[in-house]
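Working notes, beginning with the structure itself.
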Amino acid sequence: MLDLLQHAFVQNAFLAGTIVAIVSGVIGYFVVLRGQAFACEALSHVGFAGATFAALLGVPALFGMLAFTLLAAAGMGALGKRLRGRDVEIGMVLSFVLGLGVLFLSLYTGNASGAVSVLFGSILSVTRTDTLITLATGLATLLALIFLFRPLLFASIDPAVAEPRGIPVRALSIVFLLLLAVSVSQAVQVVGVLLIFTLLIVPAATAELLTRSPLSTILLAVAISLTSTWAGLALAFIGRWPVSFYIVALTSIFYFGARAFRHFRVPRRYQELPHPSREVLPPSE
């Protein structure tokens with residue numbers, strides 16, 4: 001491993017994977033808390049169309065994913081409550097976007113390896129430019145989440161109470177979806193469109209089974225995400241299977257292990273209690 005770390009592509013993979021893992025662990029907590037896993041799926045499909053359109057134009061795939069997902073996130077946020085209960089319409093839009101990505105890919109004269117990278121991830125092909133962009137967007141996302149942490153937590157737990165207290169629930173929803181769009185675009189580089197839940201949902205869902213406070217849940221989610229990413233990269237270098245497979249396998253082991261631990265070690269009466277982070281928090285003065 002020490003010899004491998006001397007290569008630029010290995011350094012880029014570990015650096016990009018570390019940034020994506022940290023951001024995914026933090027924002028994944030709010031995705032699970034707000035029940036917006038479907039938004040992740042929607043944005044990942046939009047990201048596929050953006051990546052293939054970028055390939056058609058000859059620009060980095062990350063630029064296309066960011067442009068398409070940010071536009072989609074702004075539209076989803078503007079719909080607000082009207083977005084709920086429209087699974088059929090959203091499913092049709094997702095199918096159209098996926099078909100649009102296939103159209104862009106068919107118009108692209110390059111080989112099909114680009115589509116495989118977008119669908120299943122290709123962290124070993126991340127360039128230094130991609131890494132620097134990921135670092136900049138990741139730091140910006142984390143700073144925004146730190147600044148918005150308390151009002152976003154309050155609005156996520158009980159928006160009906162938060163709005164009369166002066167919390168801009170609708171604006172926070174739009175901002176959060178924009179941050180989620182950036183995170184999805186970053187995570188696609190590691191695990192791909194089809195496996196986006198691996199980093200953005202599973203670590204946070206696992207942490208919620210084991211911890212009882214927002215901060216500890218976020219820290220544990222980041223730890224699980226980082227461990228799975230680093231171990232997945234290491235196993236890919238010494239093994240023969242793709243990085244994304246190892247990351248998916250490790251996060252799944254963490255999740256089912258947490259389920260088993262909670263089932264056998266936590267009394268049943270406590271398993272039925274709501275998570276403390278879902279209780280209403282008073283706004284800061």
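Kindly put 45, 263 in sequence by how many other C-beta atoms sit within 10 Å of each C-beta, fewest to most.
Lowest count first: 263, 45.
Calculate one ³J(HN,Hα) per residue across segment 150-167 by plugging θ = phi - 60° into the Karplus curve 6.51 cos²θ - 1.76 cosθ + 1.60, and present them in order as whole Hz with x for glycine and proline.
Per-residue couplings from phi come out as 5, x, 5, 5, 5, 5, 6, 6, 8, x, 5, 8, 5, 4, x, 7, x, 7 Hz.
Using Cβ contacts closer than 10 Å as the measure, can you line up 184, 175 from fewest to most?
Ascending number of Cβ neighbours within 10 Å: 175, 184.
For segment 8-74, what does the alpha-carbon gyration tensor say about shape, rounded, prolate or oblate, given a ≥ b ≥ c as the root eigenvalues, a/c under 1.5 as rounded, and a/b over b/c as prolate?
Taking the square roots of the gyration eigenvalues as a ≥ b ≥ c, segment 8-74 is oblate.
Please give the contour-minus-distance gain from residue 71 to residue 59: 0.36 nm per residue of separation, less the Cα-Cα distance, rounded to one decimal in nm.
Full extension of this stretch gives 2.5 nm more.
Quick one: Karplus J couplings for segment 40-51, per residue in order, coefficients 6.51, -1.76, 1.60, θ = phi - 60°, nearest Hz, x for Gly and Pro?
With coefficients 6.51, -1.76 and 1.60, one gets 4, 4, 4, 5, 5, 5, 5, x, 4, 5, x, 5 Hz.
Using θ = phi - 60° and the Karplus curve 6.51 cos²θ - 1.76 cosθ + 1.60, what whole-Hz ³J(HN,Hα) does each residue of segment 213-224 get, with Gly and Pro shown as x?
Values per residue, Gly and Pro as x: 9, x, 5, 5, 5, 5, 4, 5, 4, 5, 4, 5 Hz.
Set the Förster distance to 30 Å, then compute FRET efficiency between residue 106 and residue 139 from the Cβ-Cβ distance, nearest 0.05.
For R0 = 30 Å, the calculated efficiency reads 0.25.
With a 10 Å radius around each residue's Cβ, average the other Cβ atoms per peptide and rank 56-68, 20-32, highest first.
Packing proxy ranking, top to bottom: 20-32, 56-68.
Fewest first, what order do 193, 222 take by the number of other Cβ atoms within 10 Å?
Listed from fewest to most nearby Cβ atoms, that is 222, 193.
So if we plug the beta-carbon distance of residue 238 and residue 128 into 1/(1 + (r/R0)^6) with R0 = 30 Å, what FRET efficiency do we get, rounded to 0.05?
Plugging the Cβ-Cβ distance into 1/(1 + (r/R0)^6) gives 0.80.
The numbers here are math on the coordinates, done by the rules we state, and not lab data. Please read these numbers as outputs of a predicted model, since none were measured by experiment. No Cβ is skipped: glycine too gets one built from the backbone with ideal geometry, and neighbour counts run over all protein chains shown.
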